[in-house]
Amino acid sequence: MGAEECCDDHMEVSFSDSQGFREVQRVLQSVRMDPFLIDLRDKDEYDYLLLAVDPTKKRDRDEEALLVTTLKALSEAVSKIDIMYHHALLHNIFTTCIWYLSEDTRDALLDLIARLAAVADQYLRECLQMLVNNFTPPRPLVPMMEQPRLLARKTEIYSQLHESLKMISDTVPLAARVLKDIINRSMPKLFDTKAKMVSFVECMLGLDTERLGDLIGTTLLEKVVDLLTELDVNITWEDILQEEHSKGIFDMELEDLDDDEDNLGQEGTKALFGGNVFADKIDGLMVVVCEHLKSCDRDRLFKEYDILKTIFQKAVLKVHKSKFAQFIMFYACSLDPEICGVDFALFLTDIFTKKENDAIARMSAVSYVGSYLARARFISADTVVAVLKRLVEWCDSYCKLKRDPAKPMDHQIFYASCQAVMYVLCFRLRSIMDYPNLKSQLFQMPIESILMDRLEPLKVCLPSIVNEFLRQARAARLFNAPVDLPLEDIVESDLSKAFGGANRLDMFFPFDPYLLRESDRYIRPNFEFWSLVKTTYSNNSDDDEELGNLDAPGMNMDSLDDHIEINFKDDDDIEYSMNKMSITPHRSFYHPMAMSSGSGLSMPARIRPSVSPPS
């Protein structure tokens with residue numbers, strides 16, 4: 001008996017739903033005419049239908065159940081919906097925020113959207129726009145999005161949005177092309193909130209899988225890199241070097257931040273950059289992009305890497321003010337060192353060696369490859385030697401052309417490549433010396449003859465790099481020629497502009513220590529800090545002890561003298577500082593706020609970035 005009752009109830013519900021579906025179709029049909037001709041009763045029923053799907057209405061459980069039934073009925077009556085007569089109904093549907101709906105209601109609504117999108121030449125763009133609009137949660141929910149309950153809902157909603165978009169792209173041939181245009185128009189802007197940027201990009205990158213990823217993956221990654229780069233160039237080094245007249249944020253020790261890292265959390269970036277909103281935004285986006293790359297299987301990672309490599313050459317390589325966006329490539333390579341990691345080094349070297357490329361691209365490429373080989377722990381010593389061999393061969397060929405040394409500016413590419421070779425060896429010479437076959441290859445390279453050429457690269461390259469290289473190279477017996485580099489030349493170079501002064505080459509080192517706190521965990525494990533580098537002379541001196549705690553994990557410092565407070569009125573202090581120069585170049589000691597303070601010159605900050613050529 002109970003079974004029969006249950007069966008009867010089921011039939012009754014099914015019959016009731018079926019009746020409701022037919023009723024919705026009838027109401028839709030009844031208003032497909034001039035408004036003055038619509039029967040008042042039909043108009044009332046249509047208004048009731050509009051109220052049932054009102055996106056602004058708060059609903060109890062029974063009203064939510066009615067909404068589900070109405071949405072299902074509308075899905076069955078898609079052919080009856082007409083933009084001319086049902087504009088208000090479509091407006092209610094397309095402006096609905098799915099974040100406030102239950103899972104069943106969301107399913108019913110998204111099924112309706114998918115069916116509407118399939119109607120030929122009618123609602124495709126509106127349907128896709130509605131789905132993209134829901135990539136970000138409504139503003140009232142943003143402060144609560146870290147709660148476990150809402151995090152679980154976010155995961156569910158993103159999954160449902162992805163499934164709907166994939167279904168539409170499978171059934172409507174034009175969907176992918178229209179979706180690319182909508183995403184392009186809907187991308188977060190520079191001054192949008194961090195929450196909007198992060199949630200939008202997180203949901204958007206979830207589409208970069210399987211078939212849909214093959215169709216629009218390039219566009220998705222291009223848009224993300226463009227946004228990262230736009231944020232990046234709006235973080236000036238003045239933001240990082242900012243000082244207050246009393247005590248600026250960079251007067252504090254970075255060790256203090258690390259000791260309190262658990263309490264700082266995301267506030268670390270804000271503290272490090274003096275509350276710079278662009279740094280905070282790019283930090284959050286870097287987490288999202290790194291998580292996306294981390295989630296890729298091997299085949300997908302190769303595809304993502306190839307796309308990113310193309311985007312990098314087009315959009316990042318020549319951006320000399322870029323500080324963080326390039327680390328996407330660094331992280332992608334670290335996920336597959338044997339293939340992606342090696343390929344990136346060869347890719348950069350190819351750009352540098354090809355005469356067809358413009359000078360800026362070639363100089364940037366050799367800056368990148370030098371910094372990359374120096375800082376990427378996952379790159380093997382044999383790869384380093386192979387790339388160095390190509391750079392040295394190019395330099396040797398250049399020297400044999402007997403160029404005129406009277407015009408150093410004509411030889412910027414040559415000087416840049418020499419500096420890259422020395423920079424890499426500052427970091428990797430000791431590890432190369434540990435392998436007899438690699439040591440043999442290195443000693444066969446004409447490095448000494450190149451550096452002693454009549455073009456005098458040792459007098460043009462950054463003195464801090466030259467001095468460190470010479471110290472290690474002599475300890476390893478790689479370089480034995482006498483070189484006279486007066487101390488005043490070092491000071492002069494430090495105070496000169498890029499390619500200015502006495503023709504110094506202050507060059508961009510794109511993989512200097514990473515300064516973003518929240519996303520640092522993706523870069524740090526594979527990043528070579530200077531304080532951890534074993535030098536060729538380390539067994540014969542106490543320099544390791546002197547260099548301890550500098551540029552180390554948790555420090556993000558790239559200057560060997562940043563821990564020293566210098567009195568610029570004291571010649572002894574200046575000389576001591578110059579003897580402890582960083583290998584990583586930094587900006588002029590003249591800092592705007594120091595110049596205006598009336599208290600004399602002081603070090604602008606404990607973190608000083610590399611100087612990039614003017615863009």
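The values are calculated or read from the model by the stated rules, or taken from the named source; none is laboratory data. A quick note: this is a predicted structure, and the numbers were derived from the prediction, not measured. Cβ coordinates were reconstructed from backbone atoms using ideal geometry, including for glycine residues, and neighbour counts include every protein chain displayed. In case anyone asks, the SASA skips ligands and DNA or RNA and just uses the protein heavy atoms, side chains included. Shrake-Rupley method; radii C 1.70, N 1.55, O 1.52, S 1.80 Å.
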Sequence of Asp62, Asp512 when ordered by accessible area, the most exposed leading, probe 1.4 angstrom: Asp62, Asp512
Tyr85 accessible area, 1.4 Å probe, all protein chains in place, Å² to nearest 10: 80 Å²
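Put Arg430, Arg139 in order of accessible area, largest first, 1.4 Å probe: what do you get?
Numbers: Arg430 50, Arg139 205 Å².
In descending accessible area the options line up as Arg139, Arg430.
Heavy atoms only, 1.4 Å probe, whole protein assembly: order Leu116, Leu151 by accessible area, highest first. List each step's numbers first, then the result.
Working: Leu116 0, Leu151 60 Å².
The residues order as Leu151, Leu116, largest area first.
Is the shape of segment 122-197 best called rounded, prolate or oblate, per the rule: a/c under 1.5 gives rounded, else a/b larger than b/c gives prolate, else oblate, with a ≥ b ≥ c the square roots of the Cα gyration tensor eigenvalues? Present the calculation step by step, with values, prior to reporting the outcome.
Details: a/c = 2.94, a/b = 1.54, b/c = 1.91.
Note, shape of segment 122-197 comes out oblate.
Shape of segment 28-135 from its Cα gyration tensor (a ≥ b ≥ c, root eigenvalues): rounded if a/c is under 1.5, otherwise prolate when a/b > b/c, or oblate? Display every interim value, and only then the final one.
On the way: a/c = 1.95, a/b = 1.23, b/c = 1.58.
Since a/c reaches 1.5 but b/c is at least a/b, the shape of segment 28-135 is classed as oblate.
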Other-chain or far-sequence residues with amide H under 5 Å of Cys461's (modelled H): Leu505
Area of Trp394 that stays accessible when all protein chains are in place (1.4 Å probe, Å², to 10): 40 Å²
Area accessible to solvent at Ile216, 1.4 Å probe radius, in Å²: 0 Å²
Tensor-based shape of segment 405-470 (alpha-carbon gyration tensor, a/c under 1.5 rounded, otherwise prolate or oblate): prolate
For Phe527, distant residues with modelled amide H under 5 Å away: Arg377
Estimated vicinal HN-Hα couplings, Hz - segment 342-353 in sequence order (Karplus 6.51, -1.76, 1.60; Gly, Pro = x): 5, 4, 5, 4, 5, 4, 5, 5, 4, 4, 5, 7
Long-range Cα-Cα pairs in segment 275-397 (distance over 18 Å), rounded percent: 54 percent
Built amide H within the under 5 Å cut-off of Leu101, gap 5+: none
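Net charge around Asp192, counting only other residues with Cβ within less than 13 Å of its Cβ (Lys, Arg = +1; Asp, Glu = -1)?
On the way: positive: Arg139, Lys189, Lys194, Lys196, Lys281; negative: Glu230, Asp280.
Cβ neighbours under 13 Å give a net charge of +3.
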Euclidean distance between Cα centres, segment 76-95 to segment 336-382, Å: 55 Å
Carbon plus sulfur fraction of accessible area for segment 127-170, probe 1.4 Å, in percent: 55 percent
Relative counts (whole %) of C-alpha pair distances in segment 281-327, using bins that are 10 Å wide: 24, 50, 26, 1
